[in-house]
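Before any comments, here is the structure.
The values are calculated or read from the model by the stated rules, or taken from the named source; none is laboratory data. Just so it is clear, the model here is predicted, and its values are computed rather than measured. Cβ: placed from backbone, ideal geometry, glycine included. Neighbour counts: every protein chain shown. In case anyone asks, the SASA skips ligands and DNA or RNA and just uses the protein heavy atoms, side chains included. Shrake-Rupley method; radii C 1.70, N 1.55, O 1.52, S 1.80 Å.
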Amino acid sequence: MHPRFLLLLPVLALFCGCSKEPAPATGGGRVTVAVALDQEYAESLLRGFEKSSGLQVDAHYDTEATKTTGLVQTLLAERDRPRTDVFWNNELSQTIRLQDAGILAPYAPTSATDLPARWRDPNGFWTAFGARARVLLVNTDKVKPGEEPQTVSDLANPRWRGRACIGNPLFGTTATHAAVLFEIMGDAEARKFFLDAKANGVVVAASNGQAMQKAANGEVAWCLTDTDDAAAALREKKPVRIVFPDQRRAHGALLIPNSVALVKGGPNPEGGKRLIEFIAGAGVERRLSEGPSVQIPLRPELPGPALLMGIREMKTMDVDFGAVAKRMTSTADFIRDQFLR
Amino acid sequence: MRARIGTWAALVALVAVAVLPVAYMLGASFVADGRLSLENWRHVLAEGRQWALLRGSLGLAGAAAGLAVLLGAPLAFLLQRTDLPLRRAFRALYPTPLFIPPFLLTITWLYLLGPKGTLSNLIGRLLGRDEGPVLMQGLWGAAAALALSWYPIVTLLASVGFRSAQASEEEAARLHASGFQVFRRVTLPLALPSIVSGALFVFLFALNSYAVPNLLSLQGVYTIEIVTQGTNYGSKDFGRVTATAAPFLLISIGLLVCARRLAGGRRLAPVGSRGAPPRDFALRRARGPALVFVLLVLGLSVAAPVLTFVAKAWPFRVARQVIAEARPELLSTLGIAAAATALALALGVPLARAAASARPGRLGAAAGFLTFLPFAFPGAALALGFARVWNRGSVFGVESPFVAWLSDLVYPTPAILVLAYGARFLPFASRALEHAFERVTPSLEEAAAVAGATRLRTLRTVVLPLSARGIAAGGALFFALSVGEMELGSLISPHGWGVITPRILNKFHFLYEDWVGVASLTVLAVALAPVLLVALWPRAEEGRA
């Protein structure tokens with residue numbers, strides 16, 4: 001071998017050695033977590049857990065560039081050689097998909113027994129907590145008070161032709177929302193709604209964050225987005241207001257909770273369980289509510305975030321996320337082949 | 001012989017590191033339901049969507065390449081062949097955009113000419129309107145950002161073409177024709193293949209871009225489609241996802257072959273004796289407009305991002321907090337980029353030596369082609385290939401403790417990103433290294449050999465002094481590209497080793513403008529620091545060596 005190649009060996013050796021040994025089965029050491037909740041919100045919580053537990057948490061965060069589905073695919077690709085202990089998802093249906101694909105192991109955290117039963121998997125494969133709501137973010141410079149859209153169906157309303165925006169329905173919570181619409185409307189009606197919205201010139205942004213930016217900047221009159229994105233616009237004092245959709249004679253607004261699950265065969269299952277106990281506990285839910293992501297607690301005794309006035313009184317949809325998870329692929333096929341075409 | 005062994009060893013390492021993931025992805029496109037099949041290809045080619053994607057991607061790449069030629073080719077002529085004032089300083093400055101990640105340039109122009117952008121608002125006020133025009137959007141916005149990032153490639157290659165004219169040819173033409181006619185009939189035709197070659201490279205880079213179309217919400221382009229497919233269908237229809245990326249690969253390879261053929265016969269550095277250099281064209285009354293043009297190009301591509309990020313970060317109240325918050329990602333980016341640069345140089349030096357030799361032969365040609373191959377594959381698809389190839393315990397269904405051990409050593413550690421960056425950006429380092437080695441006249445090495453110098457001594461006393469600055473420049477370029485990388489860092493960064501670019505993108509989406517300003521300036525400083533060091537490196541002259 002050429003002598004120059006010797007240069008390569010120490011460099012690679014240095015970096016190959018950068019992964020610590022998996023912790024022993026009794027816990028301690030290092031725990032790995034794939035986090036779909038934005039790093040801005042999750043990191044300080046995980047650092048807090050590190051301090052209190054003595055465990056080192058190595059996280060792989062979701063990014064705006066590749067979205068949650070990137071993490072899900074990574075977990076699926078690693079099925080035969082899992083590298084992750086815990087999956088902290090910022091929604092639920094993709095977690096159930098992973099459960100159906102045999103990627104998860106059951107673990108019901110004792111810290112979550114105070115959550116309503118509908119937010120805990122009966123077999124312990126996942127625990128849901130702190131939710132975001134899907135809301136309409138309206139630019140107040142573009143829409144007069146009293147004239148705001150009131151329902152998600154307004155995406156197909158000719159009054160808003162070319163003036164409404166959504167994130168890419170193949171990614172993130174918009175993908176879940178699309179599958180939910182298919183579940184509650186039925187295939188035929190949902191397909192018609194999306195095609196009508198397309199014909200109505202609905203603007204498709206790369207993400208919910210970009211949809212929010214378009215509404216906040218006045219590029220469109222309003223958008224369908226998540227409460228954490230809407231809160232970012234409010235915090236930056238953009239000319240916007242939040243409308244909770246479908247409150248009258250309709251299904252109500254969609255709540256999309258975080259979820260946490262143990263990955264089957266991960267390198268440190270005991271450490272993973274300790275981390276799940278922490279994430280699913282009331283302390284994290286409270287801090288997520290008080291923090292910049294303004295998540296809505298699912299524990300009824302916890303107060304709602306101050307920035308989202310009236311959120312506790314908001315009418316919400318009753319969704320079977322298991323059924324929604326089963327619709328994700330067929331919905332994505334339709335969105336890709338017909339809505340985005 | 002030892003040189004050939006070195007080249008072979010580098011070639012084998014290149015195949016293992018860079019070509020295998022690409023080959024794996026291509027191979028997977030021929031597998032459906034666990035057996036060999038053309039089903040995935042049939043499905044993809046039958047989809048009308050493919051043609052729309054093709055149109056979208058080619059449109060974006062064509063627009064970016066066209067704009068890059070409009071900026072880069074006149075710049076090359078003005079800097080190389082005219083009496084433009086300050087041209088030495090401009091020559092030193094014009095490659096700077098290559099070291100600024102294109103997504104940062106896009107963010108800059110979104111802040112300036114996007115919705116409610118600073119300049120948009122200003123234009124709106126000047127026009128007496130409530131709202132200014134939104135110029136930074138859609139295909140042309142993306143094309144402009146990509147052109148501003150990559151025009152120096154056109155300038156670099158066109159400069160070679162403009163310098164290739166010989167005084168005798170132009171002087172003969174000047175006897176019968178005006179300066180403009182000489183330019184049109186002699187100088188420009190000589191430079192045209194280099195300009196086209198530069199345009200083809202920009203076309204390829206624009207075709208390959210993911211972060212820029214993503215920022216501008218462009219849907220109908222291949223790179224976005226591949227990420228969409230990969231993240232939604234990667235587990236269910238992996239073969240179909242890889243087949244979707246395949247037409248892109250074929251187009252890219254075709255472009256690479258054309259671009260290299262056009263550029264291949266032209267060395268970036270002069271070798272041996274050549275005729276007297278041609279006279280500079282006198283700009284006369286065009287001097288003022290020419291100076292404005294050069295300042296405008298450099299202003300749009302270099303000054304605009306720096307000043308915009310300074311303005312966003314001002315008065316730097318959050319600087320300390322941002323650096324503390326982003327320290328893990330910054331250190332991780334720095335370490336991984338540095339290690340990947342070392343890997344690229346270790347692989348690139350023998351390969352570039354082979355490709356730059358007077359008689360490169362099949363080995364040199366193979367080296368030249370293979371180094372470019374991973375760049376012809378979209379970054380997201382390359383990431384999927386890396387994840388599949390480097391995280392396994394078996395080969396063809398047979399369990400292998402060695403493969404499992406290697407996988408444990410690489411996949412969950414930063415080594416996976418070191419290898420992926422090494423594969424992705426090797427072509428850039430390789431081309432810069434070829435340029436460095438082209439400066440070494442073969443006769444100098446032959447003279448050293450005749451004088452009894454050993455290979456090592458020749459290397460130490462002749463080759464390295466003449467090429468060290470070029471090697472360092474190649475390393476600096478590679479380092480800067482690694483620092484600004486987005487897709488690989490997003491998709492396959494190991495747990496606890498996140499890189500800085502996706503973090504900036506997240507903060508941009510959440511409207512933390514001061515955070516974006518500070519972090520972007522830090523990234524620019526990190527990316528440009530090695531370049532400044534190279535600029536201060538004394539130039540070696542052949543005579544001194």
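The table below gives the values:
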{"item": "Matching residues, the range A:229-280, being modelled with pLDDT under 95 and aromatic (Phe, Trp, Tyr)", "result": "A:Phe244"}
{"item": "Answer residue from the range A:59-75, given it is assigned to a loop (DSSP other than H, G, I, E, B) and over 11 Å from the mean Cα position of the chain (by Cα) and is surrounded by the most Cβ atoms within 10 Å (Cβ to Cβ) among those", "result": "A:Thr63"}
{"item": "Residue within the range B:264-271 that is touching a Lys or Arg at 6+ places or on another chain (Cβ under 7 Å) and at pLDDT below 80 present", "result": "yes"}
{"item": "Entirely in the range A:155-273, the helices (runs of 4 or more DSSP H) that have 2 or more residues that are free of Cβ contacts under 8 Å to residues at least 12 places away in the same chain", "result": "A:187-199"}
{"item": "Residue ID - farthest from the other protein chains (Cβ to nearest Cβ), chosen from residues in the range B:483-524 that are under 23 Å from A:Thr84 (Cα atoms) and not in a helix (DSSP H, G or I)", "result": "B:Val499"}
{"item": "Test: residue in the range A:217-228 that is modelled with pLDDT under 95, crowded, with 17+ Cβ neighbours inside 10 Å, at the interface with chain B (Cβ under 10 Å from one of its Cβ atoms) and within 23 Å of the chain's Cα centre (by Cα)", "result": "yes"}
{"item": "Failed criterion for A:Ser111 (all others in (1) touching a residue at least 60 places away in the same chain (Cβ under 8 Å); (2) buried (at least 21 other Cβ atoms within 10 Å of the Cβ); (3) touching a helix residue (DSSP H, G or I) at 6+ places or on another chain (Cβ under 7 Å) hold)", "result": "(2)"}
{"item": "Scan of the range B:438-465 for residues that are among the acidic types (Asp, Glu) and buried (at least 17 other Cβ atoms within 10 Å of the Cβ), ordered by number", "result": "B:Glu438, B:Glu445"}
{"item": "Close pairs from the range B:27-54: first assigned to a strand (DSSP E or B), partner buried (at least 16 other Cβ atoms within 10 Å of the Cβ), Cβ under 7 Å, at least 6 apart", "result": "B:Val31/B:Gly239; B:Ala32/B:Glu39; B:Ala32/B:Asn40; B:Ala32/B:Gly239; B:Leu36/B:Phe30"}
{"item": "Restricting the range A:160-174 to residues that are among the small types (Gly, Ala, Ser) and open to solvent by 10 Å² or more (accessible area, probe 1.4 Å), the residue that is farthest from the other protein chains (Cβ to nearest Cβ)", "result": "A:Gly162"}
{"item": "Candidate set from the range A:194-216 (those that are charged (D, E, K, R) and in contact with a helix residue (DSSP H, G or I) (Cβ under 7 Å, 6 or more places away or on another chain)); member that is farthest from the other protein chains (Cβ to nearest Cβ)", "result": "A:Asp196"}
{"item": "Residue match in the range B:426-437 (condition: open to solvent by 20 Å² or more (accessible area, probe 1.4 Å) and part of a loop (DSSP other than H, G, I, E, B))", "result": "no"}
{"item": "Selected residue (only one of B:Glu225, B:Glu171 is part of a helix (DSSP H, G or I) and either within 12 Å of chain A (Cβ to nearest Cβ) or under 15 Å from B:Trp140 (Cα atoms) (or both))", "result": "B:Glu225"}
{"item": "Sole exception among (1) surrounded by fewer than 22 Cβ atoms within 10 Å (Cβ to Cβ); (2) within 22 Å of the chain's Cα centre (by Cα) for B:Ser209, by number", "result": "(1)"}
{"item": "Within the range B:395-407, tally of residues that are facing another protein chain (nearest Cβ under 8 Å) and touching a helix residue (DSSP H, G or I) at 6+ places or on another chain (Cβ under 9 Å)", "result": "1"}
{"item": "Residue within the range A:269-285 that is more than 19 Å from the chain's Cα centre (by Cα) and open to solvent by less than 10 Å² (accessible area, probe 1.4 Å) present", "result": "yes"}
{"item": "Filter result (outside any helix (DSSP H, G or I) and open to solvent by 20 Å² or more (accessible area, probe 1.4 Å)) within the range B:95-114", "result": "B:Pro95"}
{"item": "Filtered residue count, the range B:166-199, keeping only those that are under 29 Å from B:Arg431 (Cα atoms), aliphatic (A, V, I, L, M) and touching a Lys or Arg at 6+ places or on another chain (Cβ under 8 Å)", "result": "1"}
{"item": "Scan of the range B:184-208 for residues that are small (Gly, Ala, Ser) and modelled with pLDDT under 90, ordered by number", "result": "B:Ala191, B:Ser194, B:Ser197, B:Gly198"}
{"item": "Residue check, A:Gly265 within 30 Å of A:Asn123 (Cα to Cα), within 14 Å of chain B (Cβ to nearest Cβ) and surrounded by fewer than 21 Cβ atoms within 10 Å (Cβ to Cβ)", "result": "yes"}
{"item": "Flag if A:Arg120 is crowded, with 16+ Cβ neighbours inside 10 Å and either among the polar types (S, T, N, Q) or at pLDDT below 95 (or both)", "result": "no"}
{"item": "Residue match in the range A:76-93 (condition: modelled with pLDDT under 95, in a helix (DSSP H, G or I) and open to solvent by 10 Å² or more (accessible area, probe 1.4 Å))", "result": "yes"}
{"item": "Unique residue being outside any loop (DSSP other than H, G, I, E, B) and surrounded by fewer than 22 Cβ atoms within 10 Å (Cβ to Cβ) when the list is B:Ala468, B:Ala527", "result": "B:Ala468"}
{"item": "Residue list for the range B:116-149, restricted to those being assigned to a loop (DSSP other than H, G, I, E, B) and more than 29 Å from the chain's Cα centre (by Cα)", "result": "B:Lys116, B:Leu127, B:Gly128, B:Arg129, B:Asp130, B:Glu131, B:Gly132, B:Pro133"}
{"item": "Residue in the range B:40-52 that is surrounded by fewer than 24 Cβ atoms within 10 Å (Cβ to Cβ), under 29 Å from B:Phe508 (Cβ atoms) and out of contact with any helix residue (DSSP H, G or I) (no Cβ under 8 Å at 6 or more places or on another chain) present", "result": "yes"}
